[in-house]
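Please read the structure below before turning to the comments.
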Amino acid sequence: MNKEQCFQLGYVSKVHGLRGEIVVVLDVDFPEDYEDLEHIFLERNGRLVPYFLEHFVLQAGNKALAKIEELDRIEQVEELVGSEVYLPLSELPELDEDQYYFHELIGFEVEDEVHGSLGQVQTIYDLDAQDLIGVIHQEKEVLIPIQDGIIIKVDKAAKKVFCRLPEGLLDIYLED
């Protein structure tokens, strides 16, 4: 399993107790969709390693208490703290037709109402303050906020993102 076939569910934030439990911080909108997981992948030395779970119990907010099979001591799980947690893309919940996952937008054409085609989505910046689409337009990276009013529509069948850029946004990136 490689990262391109997976999505990041969250990360291991700390150990819990002395019997090998870990706390996983979930970076998803609906943590309840992942209740009772049976396995996870942890990034270890640049590779995704599968781990089978004895339990994965949701806690308050966006946290889960997890127990990995055969890791029964604090010393065995301390080295996992900070590891990113992944699941296969096939385990993503189905979305409504008008919804999308950020990773699906890579390669989509971005079209603005005024400026026309801006280029293809190169990357998605999933930041705490704001999520951004990165597009190369006229050999410069342009960052477009993923917000209602700016992203008007995503047509998954046509592989297009329709947007209404705020006045002057494109000029900021194209100035020398």
Any residue at all in the stretch 112-122 that's in contact with a Leu (Cβ under 6 Å, 6 or more places away or on another chain), of a type in the set (D, E, K, R), more than 30 Å from residue 22 (Cα to Cα) and surrounded by 17 or more Cβ atoms within 10 Å (Cβ to Cβ)? yes
Restricting to the stretch 81-119, what's the tally of residues that are at positive phi and in contact (Cβ under 8 Å) with a residue 24 or more places away in the chain? 2
For the stretch 120-154, enumerate the residues that are out of contact with any strand residue (DSSP E or B) (no Cβ under 7 Å at 6 or more places or on another chain), closer than 20 Å to residue 99 by Cα and acidic (Asp, Glu). 126, 148
Counting only residues that are on the phi < 0 side of the Ramachandran plot and not in a helix (DSSP H, G or I), which one in the stretch 162-174 is surrounded by the fewest Cβ atoms within 10 Å (Cβ to Cβ)? 167
Given (1) under 14 Å from residue 10 (Cβ atoms); (2) free of Cβ contacts under 8 Å to residues at least 60 places away in the same chain; (3) in contact with a Leu (Cβ under 8 Å, 6 or more places away or on another chain), residue 69 misses just (1)
Quick one: which of 127, 105, 92 is among the aliphatic types (A, V, I, L, M) and loosely packed, with under 13 Cβ neighbours inside 10 Å? 127
Given the criteria surrounded by fewer than 16 Cβ atoms within 10 Å (Cβ to Cβ) and either on the phi > 0 side of the Ramachandran plot or modelled with pLDDT under 90 (or both), does residue 159 qualify? yes
Lone qualifier among 25, 57, 114, 81 - being touching a strand residue (DSSP E or B) at 6+ places or on another chain (Cβ under 9 Å) and more than 24 Å from residue 127 (Cα to Cα): 57
Filter the stretch 88-131 down to the residues that are of a type in the set (A, V, I, L, M, F, W, C) and at pLDDT below 95 and list them by number. 89, 92, 95, 102, 105, 106, 114, 124, 127, 129
Within the stretch 87-102, tally of residues that are touching a helix residue (DSSP H, G or I) at 6+ places or on another chain (Cβ under 7 Å) and outside any loop (DSSP other than H, G, I, E, B): 2
Might you check whether a residue that is closer than 24 Å to residue 26 by Cβ and assigned to a helix (DSSP H, G or I) occurs anywhere in the stretch 104-116? yes
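The values are calculated or read from the model by the stated rules, or taken from the named source; none is laboratory data. Predicted, not measured: the structure shown is a model, and the values here were computed from it. Ideal geometry is used to build each Cβ from the backbone, glycine not excepted, and the neighbour counts take in all protein chains shown.
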